[in-house]
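Working notes, structure below.
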Amino acid sequence: MWHMLLKIALLSLALEQSSRCGAASTYNNPSSNARHFPSDFMWGVGSSSYQIEGGWNADDKGESIWDYLTHNNREKIVDQSNGDISADSYHQWRRDVQMVRELHVTSYRFSLSWPRIMPGGYMNHVSTAGIKYYSNLIDELLKYNITPMVTMYHWDLPQRLQELGGWTNPEIIPLFKDYARLVLEMYGDRVKLWTTINEPWHVCEHGYGVDYMAPSYNFPGIPAYLCGHNLLKAHAEVVHMYREQFQQRQGGRIGITVDTSWPEPKNPDSAEDREASERAMQFYIGWFAHPIFSKHGNYPKVMIERIRNMSKQQGFGSRSRLPEFTPEEIHRIKGTSDFFGINSYTSNLVTPNGHNNTGKFPIPSFNHDMGVVESQADVDWPGSGSVWLKVYPKGMYNLLMWIHREYNGPEMIITENGVSDRGGLEDYARVDYINLYLSAVLDAIEDGANVKGYITWSLMDSYEWKAGYTEKFGLYHVDFSSPERTRTPKISARVFGNICKTNTIDWSFRPKLNEEQLVASARLPAEEAAENGGARLKWSLALLLSVVLAWIHC
Ligand code: GBH
């Protein structure tokens with residue numbers, strides 16, 4: 001009897017295992033003839049200041065909108081946590097660089113905290129300690145030939161500036177420019193790869209349109225467009241300043257990073273669904289990319305027209321909720337990026353919203369303006385540690401090819417791509433994800449997309465914004481209960497390191513835990529240990545129990 005039960009349990013394990021690894025067969029045939037990435041391909045790994053640094057009030061650092069949100073509205077964070085200490089990279093940065101080296105990447109993407117450098121957001125107060133922190137980090141990276149890729153803004157606005165309206169106040173344009181000038185003066189001699197702003201769509205719609213990210217305005221349909229307008233101008237001013245005053249002398253490059261999921265038409269045979277997909281791309285990516293990368297600049301036509309018409313119908317009069325650029329502004333923004341930075345993790349199925357507002361979006365709102373309903377139901381894409389993140393590598397291929405076609409073959413850098421889980425070191429699902437997504441990237445390169453680099457997200461487990469510490473994206477595990485925030489490579493760190501070293505995906509390389517990892521694994525905090533293997537055990541036990549019950553019943 002027990003034999004049989006054990007067999008059933010083992011079978012269930014095997015089944016679960018195969019469904020987890022099933023992703024491989026849905027996309028690519030992991031054939032043995034290895035395909036290589038171009039020899040000059042840039043490999044990188046990423047992080048962001050608020051997510052890893054801690055030291056929230058170290059030295060004279062000022063308060064950021066994330067300090068403010070997490071301290072004053074703890075209930076908005078899944079585990080009520082904050083980034084006060086996080087992975088403590090403010091003190092552990094040498095170890096971070098060591099990890100970056102272990103991965104054999106050529107580049108480390110990190111962001112600067114504006115309030116660490118300018119505590120109140122203004123140039124009247126510059127923090128010597130803040131300046132020094134990043135200076136040390138940059139020097140340490142260069143010592144080992146790792147190219148720093150620096151993001152000026154990854155969401156941690158000085159709280160003081162938020163009190164002026166943040167990105168909705170045009171004052172942000174000269175302020176962002178002052179901040180950028182300072183960091184270019186301080187670090188531009190050593191940093192040759194810059195991005196101004198990470199994920200403008202997120203900054204504007206999730207910060208101002210809905211109650212999602214700081215500053216959580218929850219004011220749909222109006223301030224997000226003001227934010228976007230000022231953000232584009234601020235970005236353009238910084239790029240012009242760089243080109244006029246720094247680029248020649250310092251010899252670096254500067255760009256922007258936009259983000260989107262790939263909107264897959266729900267029914268590929270339906271013209272309306274395909275149109276919804278195209279419209280979603282224009283609203284998510286085109287909002288920021290069309291003004292910068294298209295031939296004629298300005299917002300996408302479909303955005304201008306839809307928002308103007310809807311504004312009129314909704315009684316806003318003849319002024320559209322989407323602000324208008326002057327011809328001079330259109331000209332000034334156009335072409336202000338040396339490469340196309342793209343962050344993408346997942347895909348959605350899309351269909352039109354329909355006249356009766358099927359999706360039941362607030363009116364007005366970004367989603368209602370876009371007129372697209374997104375879902376991940378009705379697909380068998382494997383899941384992850386985040387509800388929004390499903391594994392569909394073909395979406396990455398489709399996205400890269402779309403950008404390639406739409407903006408006339410720009411040089412692209414994938415600045416973020418990665419997957420979450422709920423903990424542990426045996427992250428074979430992350431190994432699968434990276435292999436599959438990179439395979440899709442290779443397909444796009446072979447079909448002409450000019451992809452120059454891939455930066456995986458992220459170096460280590462971090463403060464995952466509203467998800468707190470519950471979702472883990474790291475190639476390195478961080479023990480958040482140890483005072484030194486001990487970092488341990490997961491299986492994926494060794495696999496990704498191998499890819500970067502060899503420029504090749506090796507489907508057969510699936511190492512087991514080594515000594516160091518086994519020791520760390522044994523020390524996993526209870527909730528993570530439960531996720532790691534424990535979950536599988538629980539599942540098998542539940543199955544066992546049901547079999548026993550059924551047997552007793554008979
Ligand atoms: C990245 O953004 C960030 O740049 C990075 O800091 C972060 O750690 C990483 O994501 C992982 O989350 O369905 O309403 O819950 C990615 C952008 C993040 C956009 C998740 C959509 C889910 C929205 N995406 N988000 S929702």
Charged-residue dipole, Cβ positions (Lys, Arg, Asp, Glu), the chain about Cα centre, Debye nearest 20: 480 debye
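Under the definition of Cα pairs under 8 Å and six or more residues apart, what whole-number percent is the relative contact order of the chain? Working shown, then result.
Details: 1048 pairs, mean separation 94.3, N = 554.
Relative contact order comes out at 17 percent.
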Tabulate in residue order the Karplus-calculated ³J(HN,Hα) for the stretch 93-110, using 6.51 cos²θ - 1.76 cosθ + 1.60 with θ = phi - 60°, rounded to whole Hz; enter x for Gly and Pro. 4, 5, 5, 4, 5, 4, 5, 4, 5, 4, 7, 6, 7, 9, 9, 10, 9, 9
Please list, in chain and number order, the residues 5+ apart from residue 193 or on another chain whose amide H is under 5 Å from its amide H, with Hs placed from the backbone. 150, 253
Hey, what do the phi angles of the stretch 493-506 turn into as Karplus ³J(HN,Hα) couplings, whole Hz, using 6.51/-1.76/1.60 and θ = phi - 60°, x for Gly and Pro? 5, 6, 5, 5, x, 5, 4, 5, 5, 9, 6, 9, 8, 10
Taking amide H positions as placed 1.01 Å from N in the peptide plane, with prolines and chain starts having none, which residues 5 or more places from residue 347, or on another chain, fall under 5 Å of its amide H? 262, 390, 392
Would you mind pulling out the separation of the Cα centroids of the stretch 273-311 and the stretch 470-487, in Å? 40 Å
Please work out the Cα center distance from the stretch 98-117 to the stretch 405-452, rounded to the nearest Å. 19 Å
DSSP-assigned coil residues among GluC sites (Glu not before Pro) in the stretch 89-166, each with at most 15 further Cβ atoms within 10 Å: 163
In the stretch 54-110, if the dipole is taken from +1 on Lys/Arg beta carbons and -1 on Asp/Glu beta carbons about the Cα centre, which of 81, 65, 110 is farthest to the positive end? 110
Run the dipole for the stretch 108-240 about the Cα centre, Lys and Arg Cβ at +1, Asp and Glu Cβ at -1, nothing else charged, and hand back the magnitude in debye, nearest 20. 340 debye
Considering the options 491, 444, 346, tell which one lies farthest towards the positive end of the dipole of the chain, charges being +1 on Lys and Arg and -1 on Asp and Glu at the Cβ, about the Cα centre. 444
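Give the carbon-plus-sulfur fraction of the accessible surface of the chain in %, rounded to a whole number; probe 1.4 Å, heavy atoms of protein chains only. Don't jump to the answer; show the numbers that get you there.
Numbers: 12130 of 22710 Å².
It is 53 percent, rounded to a whole number.
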Evaluate E = 1/(1 + (r/R0)^6) for residue 484 and residue 357, where r is the Cβ-Cβ distance and R0 equals 51 Å; express this FRET efficiency to the nearest 0.05. 0.45
Can you pull the accessible area of residue 274 for me, 1.4 Å probe, Å² to the nearest 10? 120 Å²
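Averaging sequence separations of C-alpha pairs under 8 Å and six or more residues apart, then dividing by the length of the stretch 295-345, give the relative contact order as a whole percent. Mind dumping the intermediate values first?
On the way: 27 pairs, mean separation 18.7, N = 51.
Once divided by the residue count of the stretch 295-345, the mean separation gives 37 percent.
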Accessible area per residue in Å² at 1.4 Å probe, computed on the chain: 41 Å²
With a cut-off of 11 Å, note down the residues of the stretch 87-108 whose backbone N falls inside the zone around a label point 7 Å from the Cα of residue 145 toward its beta carbon. 106
Among rounded, prolate and oblate, which fits the stretch 458-497 when a ≥ b ≥ c are the square roots of the eigenvalues of its C-alpha gyration tensor, a/c under 1.5 means rounded, and a/b larger than b/c means prolate? oblate
For the chain, calculated [θ]222 nm from helices alone, where every DSSP H run of n ≥ 4 adds -39500 (n - 2.57): -12500 deg cm²/dmol
Would you kindly derive the ³J(HN,Hα) couplings of the stretch 235-251 from the backbone phi angles with the Karplus curve 6.51 cos²θ - 1.76 cosθ + 1.60 (θ = phi - 60°), listing them in order in whole Hz, with x for Gly and Pro? 4, 4, 4, 5, 5, 4, 4, 4, 5, 7, 10, 10, 4, 5, 6, 8, x
Checked against the positive end of the charge dipole of the chain (+1 on Cβ of Lys and Arg, -1 on Cβ of Asp and Glu, about the Cα centre), the farthest of 226, 478, 286 is 286
Where does each of 123, 152 land when they are ordered by accessible area, with a 1.4 Å probe and the largest first? 123, 152
Per-residue accessible area for residue 310 at 1.4 Å probe radius, Å² rounded to 10? 30 Å²
Taking placed amide H atoms and a strict 5 Å upper bound, the residues 5 or more places from residue 147 or on another chain that come that close are 107, 108
If I model a spin label as a point 7 Å beyond the Cα along the Cα-Cβ vector, how far apart are those points for residue 272 and residue 527 in nm? 4.3 nm
Accessible surface of residue 413 in the full protein assembly, 1.4 angstrom probe, to the nearest 10 Å²? 0 Å²
Kindly identify the stretch 279-370 as rounded, prolate or oblate by the Cα gyration tensor criterion: order the square roots of the eigenvalues as a ≥ b ≥ c, call it rounded if a/c is under 1.5, otherwise compare a/b with b/c, prolate if a/b is larger, else oblate. oblate
Relative contact order of the stretch 383-502: what whole-number percent is it, with Cα pairs under 8 angstrom and at least 6 residues apart? 27 percent
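The values are calculated or read from the model by the stated rules, or taken from the named source; none is laboratory data. Given the structure is predicted, the values throughout are model-derived calculations rather than measurements. For neighbour counting, all protein chains shown are included, and Cβ atoms are generated from backbone atoms with ideal geometry for every residue, glycine included. We work out accessible area using only protein heavy atoms, side chains counted, and drop any ligands, DNA or RNA first. Shrake-Rupley method; radii C 1.70, N 1.55, O 1.52, S 1.80 Å.
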